[in-house]
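Have a look at the structure below before the remarks.
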Amino acid sequence: MSLPALRLRGLRKTFPKVVAVDGVDLDVAQGEVFGLLGPNGAGKTTTLEIIEGLTSSDAGEIEILGLTWANNGQEIRSRIGVQLQSTSLFNKITPRESLDLYGSYYPKRRSTEELLKLVQLEEKADAYHITLSGGQQQRLALAMALVNDPELVFLDEPTTGLDPQARRGLWDVVRSMKAEGRTVVLTTHYMDEAEALCDRLAIMDHGKVIATGTPASLIADLAIPSVVELTFDGPAPEPGAFATDLGLAVERRADLWEIPTPDPKALLPRLLEAAETRAVPFQQVHIRRATLEDVFLHRTGRSLRE
Amino acid sequence: MILWRQFAMEWRLYARDRVAMFWTMAFPVILLLGFGTIFRDSGGPKLAVVRVASLAPGPQDAALDQALGDLQLKVVALTRAEAEARWARGETAAQLEPDGEGYRLRLNSYLMAQAGATAGLVNQAWLVAQARLSGAPEPRRIPVQVESPGRKRSANYASFLLPGLLGLNLVSMGLFSVGMVNVSYREKGKFRRLAVTPLPKWIFLLGQVLHRLTVAVVQAAILLLVGYLVFGIANQGSFLNLALIMALGTGCFMAFGFALSGFAETSEGYAAISNLVFFPLMMLSGVYFTLDSAPVWLQHVVAGMPLAPFLKALRAVFNDGAGLAGHGLGLGIVAAWGLAAFLLAVKRFRWA
C-alpha cells in the first residue's frame, strides 16, 4: 500500500469575520485527480493555500507525500507544483524566460522545450507575456507548475474566466498530468469540469466537506437519477397548484421548472396532464440525467452558480 | 549562480521597460540640460538698478548715469509710475530715486544679496560723478571681480543642480523602484508565486537590490558625464568621498522604500504615502534651489530630514572639494534615518 499523496485531518482556519475552513478531512491517493468542488467562498482556495504553505492554519494536521511543513518545508516545495488563482507575471517576460527562470529555482527540472510543447505554446515561446491570450496565460501557468517535474500538482480554478475552447485545451493538459502519473488536486466551481476531469471529488460549502466520492457515486447516491425540465419563454411562473396536483417538489429556476424523479417514464404522462389542466404555458420538455449540480442543490438547497 | 540569474533577469526586464528607463535614465539628464541651459550665466544674478527719471534732468543726473555705466551696472530707466509697478511686483532689488537735491536708494529686503552689492556700486558711482562735476580728481576704485571658489569654470546653475539630481535619483529609486515595485509584487501575487518554490526569498530581494544599485551607479555616471561634457562641471573632491556619500544615501533611501511598502495594501495607497514623503523632500531639501532665504525654523526642520544634509555634504565634496570631516553630523543624520527605516522595514515588510 502506497503512501497517500495528501492527508488532511481536522483542518481549521478562521478569519476575523468568517470561518473559512471548518474541520476538513481529506485523503488523496497517489495518481488520482482530486477535485474540490464548491461555490465561491466555500473555502476551497483557503484550503489549498494552507496545504501549499501560503497560509497558516489554526488547527489540523497536513501530510504532503508523507512530509510535514514543520519538518520538510524545502523538500515539499521541491516536489509539488502550484498554479495560483492569479499568477501575474512581469509584462515583458516571455514564456521561455519564465520557464527557464522558475526552473532554475529547483534542484530537478524539466526542459523548457518539452513544457512548451506540452502546453502548446511553442509558437508563443518568445512573445511577451502581455501579448498572450487568457487561455495561453493559463496554459503557461500550468507549465510553470510542472517545471520541477512534481509528484503532486495543485491547480486553483485553472479554467475560470476562459472560453469553452480554451477550457478544453486546459483539460487536455490536466489529463496529460494524470497520464504521466502525477497526483492532481484542483479546485473548481464548474460541475462539468469536475465531472470531466476528476477521479474523486470533495464537495465543499461554508468551509466544510459535505460529500466525498467519485462523480458517478455522488450522483447515484442522490437516488433520483433524472430530472424533468419544463422551459418557459421568459421567467418561469410560480408552480403553486401544479406542484400540488403532481404531488412532487417543483424547483423554479430562472426560466424553467425542475422536477427530480427516480422514474421519468412514469412521471411524464401525469405531468403533461397536470400541465394541460392548469394551462401551464411551457415551451419545451427535457429529461436529463442528474448532475453534480443537482447533488449540490440537494445537499445545500442552493445552486452552485449564484 | 541563482543570484546572478536573478540579477541578470532584473536587468533584462528593466531594459525592456521603456517607461522605467525614461524616468530613471533620461529624465534626470533632461532636467539637467533644460534647467542648466535656461539658468546658464557667467556668475550669479546680474546686478541692476532701477533708475527713476528726474522730473527736470540736469547735469548731475547725466554725470551719475555715465558713472553708473562706467561701473558696468545695468541701469533700468523708468518713469516713477513704471518703477513703482515693478517694485510692487517684487522684481526690483534696488531702486534709485531723485530726492530733493540728491537721491535716495530703496533696497528690497527679499533680494538683499543683489541689493547690497548694487548699493555699494551706486554709491561708488555717485562719488565719481560728484568728483567729475566739481573738477576734482576721480577717486581711485578697487577693481571688483565676481568668482566662485573651487570651480573649473565660472559658477553656473548646472553645477548646483547636478548634485541635487544625484540625490533626488536615489530618493526616487528607493521610493518608487523599490517601494512601489514591492507593493505591486505583493498585490499581484508575485511574492506568493515565489513562496511556493524552494527559492530562498532573500535571494530574490538581493537580486533586486543589486539591480537597483547598479542602475543607480549607471544613472550617476551618465549625469556626471553629461555635466562634464555640456557644462564643464567636474568633481572637485575625491571620488572616494563622493562614492561613500552616495553609498550612504543609497542605503538610506532604499531602506525608506522597503519600510514604506509595509504601510500600504495597494499600489494606489502606496502612491499616496510615497508622494507624501517624496514631494516635501524634493521641494524643501534644496534640490533645485538653496534654502538660504527660507525662514530659519524651516531650515532647521529640513536639516533634520535626510535629503538636505545628504545634499549639503555631497555639494561640499563635489563643488568645493571638501573632505568628510566637517559633515559628520549631517551624514550621521542621514545614517540615523537609514537605520530607523531599516528597522521599520524589518518590522513591517510583508510578502503577502
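Here are the numbers for the structure shown:
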{"quantity": "Output for the stretch B:188-198, where each listed residue is facing another protein chain (nearest Cβ under 9 Å) and either in a helix (DSSP H, G or I) or surrounded by fewer than 20 Cβ atoms within 10 Å (Cβ to Cβ) (or both)", "calculated": "B:Lys188, B:Gly189, B:Lys190, B:Arg192, B:Arg193, B:Leu194, B:Ala195, B:Pro198"}
{"quantity": "Qualifying residue in the stretch B:55-64 (condition: on the phi > 0 side of the Ramachandran plot, surrounded by 12 or more Cβ atoms within 10 Å (Cβ to Cβ) and more than 14 Å from chain A (Cβ to nearest Cβ))", "calculated": "no"}
{"quantity": "Residues of the stretch A:46-76 classified as within 12 Å of another protein chain (Cβ to nearest Cβ), under 27 Å from A:Thr160 (Cα atoms) and either surrounded by fewer than 21 Cβ atoms within 10 Å (Cβ to Cβ) or among the polar types (S, T, N, Q) (or both), total", "calculated": "4"}
{"quantity": "Strands (runs of 3 or more DSSP E) enclosed by the stretch B:67-140 - at least 2 residues per element that are exposed (fewer than 12 other Cβ atoms within 10 Å of the Cβ) and not β-branched (Val, Ile, Thr)", "calculated": "B:102-107"}
{"quantity": "1 or more residues within 14 Å of A:Val174 (Cβ to Cβ) and free of Cβ contacts under 8 Å to residues at least 24 places away in the same chain: qualifying helices (runs of 4 or more DSSP H) within the stretch A:89-160", "calculated": "none"}
{"quantity": "B:Thr24 vs. criteria among the β-branched types (Val, Ile, Thr), part of a helix (DSSP H, G or I) and surrounded by 14 or more Cβ atoms within 10 Å (Cβ to Cβ)", "calculated": "yes"}
{"quantity": "Condition check for A:Ala29: more than 19 Å from the chain's Cα centre (by Cα) and either of a type in the set (A, V, I, L, M, F, W, C) or within 14 Å of another protein chain (Cβ to nearest Cβ) (or both)", "calculated": "no"}
{"quantity": "Filter result for the condition that a residue is buried (at least 16 other Cβ atoms within 10 Å of the Cβ), out of contact with any Cys (no Cβ under 7 Å at 6 or more places or on another chain) and within 14 Å of chain A (Cβ to nearest Cβ), over B:Phe253, B:Phe176, B:Phe204", "calculated": "B:Phe204"}
{"quantity": "Residue that is nearest to B:Gly179 (Cα to Cα) [pool: residues in the stretch B:262-275 that are over 27 Å from the mean Cα position of the chain (by Cα) and among the polar types (S, T, N, Q)]", "calculated": "B:Ser267"}
{"quantity": "Given (1) surrounded by 19 or more Cβ atoms within 10 Å (Cβ to Cβ); (2) part of a strand (DSSP E or B); (3) in contact (Cβ under 8 Å) with a residue 40 or more places away in the chain, index of the condition A:Leu271 fails", "calculated": "(2)"}
{"quantity": "Boolean, B:Val50 is in contact with a helix residue (DSSP H, G or I) (Cβ under 6 Å, 6 or more places away or on another chain), away from chain A (no Cβ under 14 Å), at pLDDT 85 or above and under 21 Å from B:Asn123 (Cβ atoms)", "calculated": "yes"}
{"quantity": "Some residue of the stretch A:95-105 being farther than 25 Å from A:Gly43 by Cα, over 23 Å from the mean Cα position of the chain (by Cα), within 11 Å of chain B (Cβ to nearest Cβ) and hydrophobic (A, V, I, L, M, F, W, C)", "calculated": "yes"}
{"quantity": "Index of the failed condition, A:Leu248 passing every other in (1) in a helix (DSSP H, G or I); (2) modelled with pLDDT under 85; (3) not basic (Lys, Arg)", "calculated": "(1)"}
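The values are calculated or read from the model by the stated rules, or taken from the named source; none is laboratory data. All of these numbers come straight from a predicted model, not from anything done at the bench. Glycine gets a Cβ as well: all are built from the backbone with ideal geometry, and neighbour counts include every protein chain shown.
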